[in-house]
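Engineer: Quick one: this structure, given as structure tokens, is what I'll be asking you about.
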Amino acid sequence: MYIKKEDLTIVIVTFESEHVIHECIKSIDVELDIIIIDNSNNFKLKNQIEKKYKNTKCILSSENLGMGPGNNLGIENVKTNYALIINPDVILEKNTINELIEASKKIDKFAIIAPISDNRDYPNYKLFKKTFSSNINPFKVKSIDGFAMLFNLKRLKEIKNFYFFDENFFLYLENDDLCKRVNASNEDIYVVPKSKIKHFGGKAVNQLYKFEIELSRNWHWIWSKFYFNKKHYGFIFAFMNGLPSFLSAMIKFCIYFIFNNQKKKKIYYNRCSGFLNALFGRKSFYRPNINS
């Protein structure tokens, strides 16, 4: 079974992304249905998008769900057998979708396939050991970054006890967790070199909130890393793996406290807080404050 354009839906999760979402939508074939989950709960954006793009439906979340839960909500609303998850700061090339479709005809079975980032210095995939990547043909990978992943929904839903994104993750590593579970189910993940995308990285949220997003990223990265390691490798491994970063953050917090550098102090405080909250089993509760 291969992908057909009429059987594919695009899912995009946004948060204060008005500055990039239009270019993202414009790069998508108008024949494809698009579902946007807006974590900003922006009624003005919803009306503007649905009026301007007839192939696009915008669903407002009641709260900032984060990437994983937001994508899950999008998937719940997909009526097709395939869904391409992309970030709002992603631009598709003219042949991105067509190359994914052509690749699906050549692959015997796949759970997830993905386009390749046009930035070779920052590949959007991790390889298995003793494997190599092709410049032309689709190749199997261990995992792919969450900013562009195409799900074979029908195949994934047939896996016993499978679920898409673990909603305990608010930000970071939700894609690694999903890929790890896909691999454990003996399903395949492919990257398609002929299908290319441009990812601007860290530009999905309006730069007006740059520092608040930086605080959020620092908190969630260390929380998610601890949670991921505890889930897959156990508490002791998670603790030992995260302890050096925590101690380093503690030292830097004290230094910036002494020198009264408020911004740096807040960043390293958040790193410490993320680690401690994960250590004591607390939920990933931190959210960026965009109202102040």
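Engineer: Mind listing whichever residues of region 103-119 are within 10 Å of Lys194 (Cα to Cα) and assigned to a helix (DSSP H, G or I)?
Structural biologist: Listed by number, the list holds a single entry, Ala103.
Engineer: Shifting gears a bit: Going by the conditions given, is Ile97 under 15 Å from Ile10 (Cβ atoms) and out of contact with any Cys (no Cβ under 9 Å at 6 or more places or on another chain)?
Structural biologist: yes
Engineer: Let me ask you something else. State yes or no: is Tyr172 among the aromatic types (Phe, Trp, Tyr), assigned to a strand (DSSP E or B) and in contact with a helix residue (DSSP H, G or I) (Cβ under 8 Å, 6 or more places away or on another chain)?
Structural biologist: When the stated conditions are applied, Tyr172 does not pass them.
Engineer: With the requirement that a residue be more than 18 Å from the chain's Cα centre (by Cα) and small (Gly, Ala, Ser), what does region 47-91 give you?
Structural biologist: Within region 47-91, just Ser62 meets the criteria.
Engineer: Among the residues of region 112-122, is any within 27 Å of His220 (Cβ to Cβ) and among the small types (Gly, Ala, Ser)?
Structural biologist: Yes: one or more hits.
Engineer: Starting from residues that are outside any strand (DSSP E or B) and either touching a Phe, Trp or Tyr at 6+ places or on another chain (Cβ under 9 Å) or not assigned by TED's automatic domain parsing to the domain that holds Asp89 (or both), keep the ones in region 184-193 and report whichever is farthest from Leu127 (Cα to Cα).
Structural biologist: Across region 184-193, the extreme among qualifying residues is Ser185.
Engineer: So, Ile91, is that one β-branched (Val, Ile, Thr), under 16 Å from Leu156 (Cβ atoms) and in the same structural domain as Asn175 (by TED's automatic domain parsing) or not?
Structural biologist: no
Engineer: On to the next question. Across region 128-149, what is the number of residues that are surrounded by fewer than 21 Cβ atoms within 10 Å (Cβ to Cβ) and either at pLDDT 95 or above or not in a loop (DSSP other than H, G, I, E, B) (or both)?
Structural biologist: Total meeting the criteria: 4.
Engineer: Right, something else. Could you check region 11-86 for helices (runs of 4 or more DSSP H) lying wholly inside it with 2 or more residues that are closer than 16 Å to Leu178 by Cβ and at pLDDT 95 or above?
Structural biologist: Fully inside region 11-86 and qualifying: 67-76.
Engineer: Name the helices (runs of 4 or more DSSP H) wholly inside region 194-292 in which the number of residues that are among the β-branched types (Val, Ile, Thr) and touching a residue at least 40 places away in the same chain (Cβ under 8 Å) is 2 or more.
Structural biologist: 210-233
Engineer: Take Gly202 and tell me if it is of a type in the set (Gly, Ala, Ser), within 14 Å of the chain's Cα centre (by Cα) and under 28 Å from Asn98 (Cβ atoms).
Structural biologist: no
Engineer: Then there's this: With the requirement that a residue be closer than 17 Å to Asn41 by Cα, of a type in the set (A, V, I, L, M, F, W, C) and touching a residue at least 24 places away in the same chain (Cβ under 8 Å), what does region 60-109 give you?
Structural biologist: Those that are closer than 17 Å to Asn41 by Cα, of a type in the set (A, V, I, L, M, F, W, C) and touching a residue at least 24 places away in the same chain (Cβ under 8 Å): Leu65, Met67, Leu73.
Engineer: Does at least one position in region 112-122 carry a residue that is without any contact (Cβ under 8 Å) to a residue 60 or more places away in the chain, on the phi < 0 side of the Ramachandran plot and over 13 Å from the mean Cα position of the chain (by Cα)?
Structural biologist: Yes, that holds for at least one residue.
The values are calculated or read from the model by the stated rules, or taken from the named source; none is laboratory data. These numbers were taken from a predicted model, which means no experiment stands behind them. We place every Cβ from the backbone using ideal geometry, glycine too, and count neighbours over all the protein chains shown.
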